[in-house]
Amino acid sequence: MSSVAIEQSGPKAVPRDVVVRADGVEKTFDGGVVALEGASFDVHKGEFVSVLGPSGCGKSTLLRLVAGLIERTGGSLTAYGTEVTAPRADIAMMFQRPTLLPWKTALDNVLLPTLIERRPTKEDRERAIGLLRLTGLTDFEFAYPQHLSGGMQQRVALARLLNAGADLLLLDEPFGALDEFTRERLNLELLRIQREIHATIMFVTHNIAEAVFLSDKVLVMTPRPGRLAAEIDVPFARPRAIELTATPEFNALVLKIRDILGSRS
Ligand SMILES: Nc1ncnc2c1ncn2[C@@H]1O[C@H](COP(=O)(O)OP(=O)(O)O)[C@@H](O)[C@H]1O
Ligand SMILES: [Mg+2]
């Protein structure tokens, strides 16, 4: 039995379980900085893919291209089989800073994507409260951002992201401004949430162990010019516990990626 169904419609048929297909994607900014040179990769439905590399190697550029926030200068980039040309409802992006509205409660911040479309109904509010519960914020619905810790603010931002209803989540160092302990906890919760909602995730980080722990696949990037240096499959079973990071297999994979980064950056 074939596991992948092929769409027969277009000349460039994309298998149905491919969410993102990048084929030679390039971005040269005005002024000549080559931020991304010819990147080709696939992201499959339900996959957790990390984009890993040092500062300036084009990770954010790559995510912003997939989000349709900036225009590529070459190559082809599709999401769900159609070219990405602008931001769209089936793709949502989250940044390092929570960007919550300080004069709105946690609940109203989560409801922002709904408010763009309509006055929230009772069902909308119940859904938002459920998302706050999912991100670990039961009982904080009516708290204002300034009364929440940095980690809790990012939980609100994550709940708001989930309320946008997108299937593809783009996370650009979402917990990068938080302390290591909080970041580790939120990473574990992100994996739990992904299991519950079956999202497809692209996750930017510059931490090798974090990328290996979280991902099904790591896109390793190197700078000057920004390019995709390697695509590493991560074979460890799920659900994963933090003990995985102490195993020889885990550390061998971390070392392998460190070698790729060390020799080419
Ligand atoms: N709007 C822009 N205009 C010009 N250069 C940019 C712009 N955004 C990013 N760059 C450059 O592109 C390269 C990659 O940046 P970025 O994607 O932010 O890297 P990363 O997220 O990996 O740190 C860097 O050299 C950066 O200075
Ligand atoms: Mg960045």
Pairs with Cβ under 8 Å, 6+ apart, first in the stretch 60-79 and of a type in the set (Asp, Glu), second away from ligand 2 (no atom under 16 Å from the Cβ)
Glu71/Thr85
So in the stretch 213-225, with the set limited to residues that are modelled with pLDDT of 95 or more and in contact with a Leu (Cβ under 8 Å, 6 or more places away or on another chain), which one is surrounded by the fewest Cβ atoms within 10 Å (Cβ to Cβ)?
Thr222
Scan the stretch 37-57 residue by residue and report those that are within 16 Å of ligand 2 (Cβ to nearest atom) and open to solvent by 10 Å² or more (accessible area, probe 1.4 Å).
Pro54, Ser55, Gly56
Would you confirm whether or not the stretch 238-254 contains a residue that is touching a strand residue (DSSP E or B) at 6+ places or on another chain (Cβ under 8 Å), touching a residue at least 12 places away in the same chain (Cβ under 8 Å) and either surrounded by 15 or more Cβ atoms within 10 Å (Cβ to Cβ) or of a type in the set (A, V, I, L, M) (or both)?
yes
Say whether the condition of being more than 21 Å from Asn187 (Cα to Cα), open to solvent by less than 70 Å² (accessible area, probe 1.4 Å) and among the β-branched types (Val, Ile, Thr) is met by at least one residue in the stretch 131-138.
no
Right, Ala128: more than 15 Å from the chain's Cα centre (by Cα) and away from ligand 1 (no atom under 16 Å from the Cβ) or not?
yes
Within the stretch 58-72, the residues that are within 16 Å of ligand 2 (Cβ to nearest atom) and touching a helix residue (DSSP H, G or I) at 6+ places or on another chain (Cβ under 6 Å) are Ile70
Counting only residues that are within 15 Å of ligand 1 (Cβ to nearest atom), give me the strands (runs of 3 or more DSSP E) lying completely in the stretch 27-108 with at least 3 of them.
34-44, 48-52
Right, Ala143: small (Gly, Ala, Ser) and in the same structural domain as Arg127 (by TED's automatic domain parsing) or not?
yes
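The values are calculated or read from the model by the stated rules, or taken from the named source; none is laboratory data. Values in this document were obtained by computation on a predicted structure and should not be read as measured data. When we count neighbours, we look across all protein chains shown, and the Cβ atoms used for this are built from the backbone with ideal geometry, even at glycine. Side chains included, ligands, DNA and RNA excluded: accessible areas come from the protein's heavy atoms. Shrake-Rupley method; radii C 1.70, N 1.55, O 1.52, S 1.80 Å.
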